[in-house]
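Let me begin by presenting the structure, written as C-alpha cells, before commenting on it.
The values are calculated or read from the model by the stated rules, or taken from the named source; none is laboratory data. The structure displayed is predicted, hence computed values, not measured ones. Methodologically, a virtual Cβ is constructed for each residue, glycine included, from the backbone with ideal geometry; neighbour enumeration extends over all protein chains shown. These area figures cover heavy atoms from the full protein model, side chains too; ligands, DNA and RNA do not enter into them. Shrake-Rupley method; radii C 1.70, N 1.55, O 1.52, S 1.80 Å.
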Amino acid sequence: MARVLARMTLGTCLSALVACNESSPPGYTLAAETGSDATSSSGAAQDGLVPPYVTESTTAAAVCGDGVIDAGEGCDDGNLDAEDGCDASCTPIAAVDWTYTHNGGAGQDDVACGVAIDGEGRVFVVGAEVVQSRDAWIVALAPDGHELWRKTIDSAGLDDAFADVTVDAAGRVFAAGHEELAAGVRSPVIRAFTGEGADLWKFSEAAPAAGASGIDGLALADGALYSTASEAGDQVRLAIRRHDPASGEAAWKTTTAASASHAYAGGIAESGAQVIAAGAAELAGVLHPLLVRVEHDGSLATTQIDEAHAGAWSDVTPIGSEGEVLVTGRIEPVPGAGFDVAVRRISGRDEPRWAQTFDHVAGFDAGRGVAVGANEAVFVAGAVTSVSGDLEIFGALLSGLGELRWTHVNANRGVGLEDHGAAAAFGPGFVVLAGDEQVPGQGANVWVRRFRAE
C-alpha cells in the first residue's frame with residue numbers, strides 16, 4: 001500500500017477531494033511541547049487522549065478560567081470559551097474567527113486548492129466546482145468572511161480547475177490551473193482579475209501531448225509572475241515560466257525531468273537570486289521529493305532529489321536569509337510505514353536547517369500548503385488519517401525554528417467522509433486554511449477557516 005501511495009502524482013486538485021459544512025464541529029486542537037519531535041503523541045491527543053503536558057489531575061487550587069496558569073495548565077485566559085485560543089480545559093488551541101463553505105449545488109465535489117490574501121485583508125480562494133461539468137472557481141471573501149464576489153469558468157464544457165492564486169501590490173489577482181479543450185487533453189492556464197472580479201487577461205498554451213498538463217504553483221517576484229507546471233508527454237517534465245504580470249505573456253520556459261523517469265510540479269517561490277520549484281521525481285516507479293532551482297533568466301541552476309525517502313514536496317515559500325525556503329509535503333520515514341506530514345527549512349545550499357514531521361495516527365498524512373507570516377511564523381495545511389481511516393483537514397502553526405505552537409484537525413463526524421486541507425496563507429494577525437469537507441448528499445463542499453495567528 002505504501003508503494004502505491006508513493007506513486008501518487010501531485011497534479012492539480014483532484015475531483016476525489018471533498019469538502020465541509022458550517023455546522024461541523026470546530027475540530028480537535030492542541031499545542032504540543034516545544035521541540036523538534038511532534039510525531040504520534042500529537043495525533044493521539046487530537047483523537048481524545050490527554051495532551052502530553054496536561055496532567056490527569058491537578059491540585060485543588062488549579063481552576064481553569066481564573067486567569068492564572070496553574071500546574072498542568074497550558075494556558076488560562078480567564079474564561080472557558082472553546083474557540084478563543086485557550087479552551088475549557090486550559091489547553092492552547094487555534095482561535096477560530098470564522099468558517100466559510102460553498103456547495104456547487106450538484107451534489108458532487110467542490111474543492112478549494114489555493115488561497116491568497118491582499119493588503120486589505122480580503123481572502124481569495126480558488127479551486128473547482130461541479131455543476132454541469134467541473135469548472136474553475138474563484139471567490140473573494142471580505143475580512144469578516146462574507147462573500148464579495150465569485151465566479152466559475154467553463155472553457156469547453158469539459159474539466160477545468162484552478163490550483164493556485166496570488167495577489168500583487170496593485171490588487172491584481174492571478175489564478176492558475178488547467179483547462180480541458182479536448183477530451184483527455186489538459187492545457188496550462190492563468191487568468192488575471194481585478195480585486196473586484198473583472199477579467200484582465202488569459203494565458204494558455206497548447207499541451208504538448210494528451211494528459212494532465214497544468215499549472216500547479218504561482219509566485220510574484222522581481223516585477224514578474226512565475227509559474228510551475230507538470231507537462232504531460234512520454235516523459236512528464238516539470239516546467240517553470242516567467243510571465244509579464246500586465247499581459248500574462250511568457251518570457252521564457254524551462255523544463256526538466258531532473259534525471260528521473262518523470263518530474264511533477266508542486267509549488268514555486270523566489271528566494272534571493274533564484275526561483276525554486278518544489279515537486280516530485282519518479283525513480284524506479286517511486287516518487288521522491290524534488291527541488292529545482294533556476295536563475296531569473298531561466299537557466300537551470302540545480303536539481304535535488306531526496307533519494308533516501310519516498311514522498312513529494314507539494315509547496316514551497318521563502319523564509320529567512322537569501323536562498324532559504326520552507327517546503328511541505330509527505331515523507332515515508334520508514335519504507336512501508338506510511339506517509340507523514342513533512343516540513344523542512346532548507347538553506348540556499350539545499351541543506352536542511354530543521355525538519356518536522358507529523359504522524360497523526362497511521363497511514364497517509366500529507367502537507368499540501370505552507371505560508372510564512374510575521375516573525376517567521378509558519379502555517380502548514382494538509383490532511384491526516386484518523387482512527388476511522390478517513391482523511392481529515394489538518395493545520396499546524398510553528399515558529400521559524402520549527403517549534404510547534406498548535407495543531408488543528410477538523411474531524412468530520414461519520415465514517416467514510418474524507419476531508420482535505422489544501423492551502424495556507426497569512427494575513428495581518430491571522431491565518432487562513434482552505435480545503436474541502438465531505439457532506440452527506442452534497443459530495444465535497446469548499447471549506448475555508450480563518451484563525452488568529454497569535
For the range 336-453, what % of the accessible area comes from carbon and sulfur atoms, probe 1.4 Å?
-> 50 percent
Given backbone amide H placed at 1.01 Å from N, residues whose amide H is under 5 Å from that of W149, ignoring those fewer than 5 places away on the same chain, are A140
Compute the semi-axes of the equivalent ellipsoid of the range 376-447, taking the square root of 5 times each eigenvalue of the Cα gyration tensor, and list them largest first in whole Å.
-> 25, 14, 7
What are the ³J(HN,Hα) values, in whole Hz, obtained from phi via the Karplus relation 6.51 cos²θ - 1.76 cosθ + 1.60 with θ = phi - 60°, for each residue of the range 94-107 in sequence order, with x given for Gly and Pro?
-> 6, 8, 8, 8, 6, 10, 10, 10, 9, 10, x, x, 9, x
For a quick protection proxy, order the peptides 331-338, 355-362, 435-442 by their average other-Cβ count within 10 Å, most packed first.
-> 435-442, 355-362, 331-338
Gained length - D154 relative to E307, 0.36 nm times residue gap less alpha-carbon distance = 51.1 nm
Label-point separation (nm) for A182 and D234, each offset 7 Å from Cα along Cα-to-Cβ?
-> 1.9 nm
Give the accessible surface of the range 179-243 per residue, rounded to a whole number of Å², with probe radius 1.4 Å and ligands, DNA and RNA excluded.
-> 36 Å²
Debye, to nearest 20: dipole size of the range 288-368, +1 on Lys, Arg Cβ, -1 on Asp, Glu Cβ | 120 debye
Measure out, as a whole number of angstrom, how far apart the alpha-carbon centroids of the range 352-375 and the range 416-454 sit.
-> 16 Å
Chain lengthening between R452 and A284 when straightened (0.36 nm per residue, less Cα-Cα) | 56.1 nm
Assuming 0.692 mPa s and 37 °C, estimate D for the range 81-235 with Stokes-Einstein, Rh taken as the Kirkwood radius over Cα pairs, in µm²/s.
-> 196 µm²/s
Given a 1.4 Å probe, the accessible area of the range 269-373 per residue, as a whole number of Å², is 32 Å²
Give me the number: length gained by fully extending N79 to S247, i.e. 0.36 nm times residue separation minus the C-alpha to C-alpha distance, one decimal in nm.
-> 55.2 nm
Starting at the first residue of the range 265-278, write each ³J(HN,Hα) from the Karplus equation 6.51 cos²θ - 1.76 cosθ + 1.60 with θ = phi - 60°, in whole Hz, x for Gly and Pro.
-> 8, x, x, 8, 8, 10, 9, x, 8, 10, 10, 10, 10, 9
Under Karplus coefficients 6.51, -1.76 and 1.60, residue-wise ³J(HN,Hα) of the range 160-175 in Hz, glycine/proline x = 10, 7, 9, 10, 8, 8, 8, 10, 9, 5, 7, x, 6, 10, 10, 10
Compute the Rg to Rh ratio over the range 251-312 from the alpha carbon atoms, using the Kirkwood formula for Rh, and round to two decimal places.
-> 0.98
What is the set of long-range amide H partners of R405 at a cut-off below 5 Å, with H atoms built 1.01 Å from backbone N?
-> L397, L398, S399
